[in-house]
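Right, one structure below, let's go through it.
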Amino acid sequence: MPGTYAEIQQCLPFDCLAFPSITSAPLYYDGIQAVSARRSADYEVLTAGHRLKDIIIAQNGYIPEIEGGPTITNIIALAAFSSNSVNNVCISGNMDWHVIDILATQRSLRYLDLNFITSYPSWRRLSLRGIVQFRSLVTLRIVLPKGVSFEASQGGQITSLTKLAIEAQSITCFQSLCSIAPNVTDLELIQSSGSEEAVEEWREFFHTLSMMVPSLTSFLISNKPRIREHALRVYLYIEPLLSLPLERLFLRNPAGHFLLLTDQEIEKISSRLSRLETVEIFSGAHYLDPRPTHIGFFALIRNCPSLENVALSADGREVIFWG
């Protein structure tokens with residue numbers, strides 16, 4: 001019986017639900033034609049599922065809201081009203097920030113992945129009041145549009161959160177969201193294009209970060225810091241992170257920069273991060289002399305006995321060992 005939710009429902013008697021025990025509701029939209037009609041029909045069937053556990057809504061590219069058709073925010077609102085046992089939500093599309101307040105009513109929500117394709121005119125400064133209401137959330141992945149910032153936190157934290165992944169344009173967005181997640185152990189920060197903040201600003205942020213999330217064991221950062229000198233001094237750049245109990249460290253995207261990192265500095269990094277199991281230090285980057293050699297590589301292995309995966313440059317060559 002192929003078709004959309006609504007087309008299947010139409011084949012059944014009026015008082016019979018096609019999916020009385022539905023637990024997973026995926027909705028995908030890949031074009032503008034008939035979006036309003038398809039949304040309206042699927043919207044009604046979706047909200048009949050009182051046992052919903054997983055909600056997935058995805059738009060393929062930007063699709064403008066059509067007058068008279070329900071918005072993604074409204075779809076989530078009615079689905080949340082129908083079920084109080086949603087565990088996982090993954091949404092990609094043009095929705096407003098109010099979806100956070102709606103989902104906060106789901107006390108059993110553990111995984112939340114939000115990709116905001118576009119921002120609304122009212123999105124000058126967003127509030128964190130709604131997001132700190134999550135009490136069972138374990139994983140939060142969020143992609144924010146350009147130009148977004150947050151109001152100062154009014155208190156409240158998500159103490160259950162252990163994995164946080166953020167794609168945003170500015171350090172301030174990263175800092176605002178990290179400040180409400182003190183128990184995060186796995187953190188990914190990806191800076192979207194169009195913003196290059198100075199190395200000094202990143203160093204200050206890394207110092208603050210080490211105090212905000214002191215239990216961090218896995219850290220991935222992909223950005224492009226602005227430098228005043230002819231090269232990025234890697235050790236000085238990441239030195240504030242060396243107080244963390246890191247087991248996995250990924251430094252990525254030094255596009256357009258020359259780097260400076262000596263064997264002695266690799267020795268210092270590895271001696272302070274002796275728990276490392278995986279390390280990637282600007283794989284494929286261009287280093288200036290004195291560049292890392294096999295001496296630094298062996299120091300890394302010696303000081304980090306649990307090391308299994310390595311990606312860095314030594315003796316002018318790319319060294320990759322991914323066990």
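The values are calculated or read from the model by the stated rules, or taken from the named source; none is laboratory data. What you see is a predicted model, and the numbers here were worked out from it, not measured in a lab. Heads up, the Cβs are rebuilt from the backbone with ideal geometry, glycines too, and the neighbour counts pull from every protein chain shown. Heavy atoms of the whole protein, side chains included, go into the accessibility calculation; ligands, DNA and RNA do not. Shrake-Rupley method; radii C 1.70, N 1.55, O 1.52, S 1.80 Å.
Mind checking which residues of the range 225-250 are among the charged types (D, E, K, R) and touching a strand residue (DSSP E or B) at 6+ places or on another chain (Cβ under 7 Å)?
Arg226, Arg233, Glu247, Arg248
Among the residues of the range 142-175, write down those that are in a helix (DSSP H, G or I), open to solvent by 60 Å² or more (accessible area, probe 1.4 Å) and not hydroxyl-bearing (Ser, Thr, Tyr).
Gln175
Determine, yes or no, whether Phe297 is of a type outside the set (Gly, Ala, Ser) and at positive phi.
no
Could you check the range 90-108 and list, in sequence order, the residues that are farther than 14 Å from Leu140 by Cβ, in a strand (DSSP E or B), of a type outside the set (S, T, N, Q) and modelled with pLDDT of 85 or more?
None; the set is empty.
Looking at the range 132-141, can you tell me whether even one residue there is in a loop (DSSP other than H, G, I, E, B), open to solvent by 60 Å² or more (accessible area, probe 1.4 Å), modelled with pLDDT of 85 or more and not polar (S, T, N, Q)?
Taking every residue of the range 132-141 in turn, at least one turns out to be in a loop (DSSP other than H, G, I, E, B), open to solvent by 60 Å² or more (accessible area, probe 1.4 Å), modelled with pLDDT of 85 or more and not polar (S, T, N, Q).
Mind telling me which of the residues Thr208, Thr162, Thr185 ends up being in contact with a helix residue (DSSP H, G or I) (Cβ under 8 Å, 6 or more places away or on another chain) and β-branched (Val, Ile, Thr)?
Thr208
Counting just the residues of the range 306-323 that are modelled with pLDDT of 75 or more and assigned to a loop (DSSP other than H, G, I, E, B), which one comes out least open to solvent (accessible area, probe 1.4 Å)?
Taking the candidates together, the pick is Leu307.
Would you call Tyr111 at pLDDT 95 or above, at negative phi and open to solvent by 10 Å² or more (accessible area, probe 1.4 Å)?
yes
Counting only residues that are more than 27 Å from the chain's Cα centre (by Cα) and crowded, with 19+ Cβ neighbours inside 10 Å, how many does the range 273-288 have?
Residues that pass the stated criteria total 1.
Quick grid of which residues meet (1) within 13 Å of the chain's Cα centre (by Cα); (2) free of Cβ contacts under 8 Å to residues at least 12 places away in the same chain; (3) open to solvent by 20 Å² or more (accessible area, probe 1.4 Å):
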| position | (1), (2), (3) |
| --- | --- |
| Cys178 | yes, no, no |
| Pro182 | no, no, yes |
| Ile190 | yes, no, yes |
| Leu209 | no, no, no |
| Arg228 | no, no, yes |
| Val234 | no, no, no |
| Pro240 | no, no, no |
| Glu247 | no, no, yes |
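Could you tell me which residue of the range 194-207 is farthest from the chain's Cα centre (by Cα), considering only residues that are open to solvent by 20 Å² or more (accessible area, probe 1.4 Å) and farther than 20 Å from Ile266 by Cα?
Ranking the qualifying residues of the range 194-207, first place goes to Glu200.
Those residues that are among the acidic types (Asp, Glu), closer than 17 Å to Glu200 by Cβ and modelled with pLDDT under 95, I need them from the range 228-274; list them, please.
Hit for the range 228-274 is Glu229, nothing else.
One line per residue, one yes/no per condition, for (1) farther than 30 Å from Ser193 by Cβ; (2) surrounded by 15 or more Cβ atoms within 10 Å (Cβ to Cβ):
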position	(1), (2)
Leu259	no, yes
Lys268	yes, yes
Pro290	yes, no
His294	yes, no
Asn303	yes, yes
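How many of the residues making up the range 176-223 are part of a strand (DSSP E or B) and of a type in the set (A, V, I, L, M)?
The total comes to 6.
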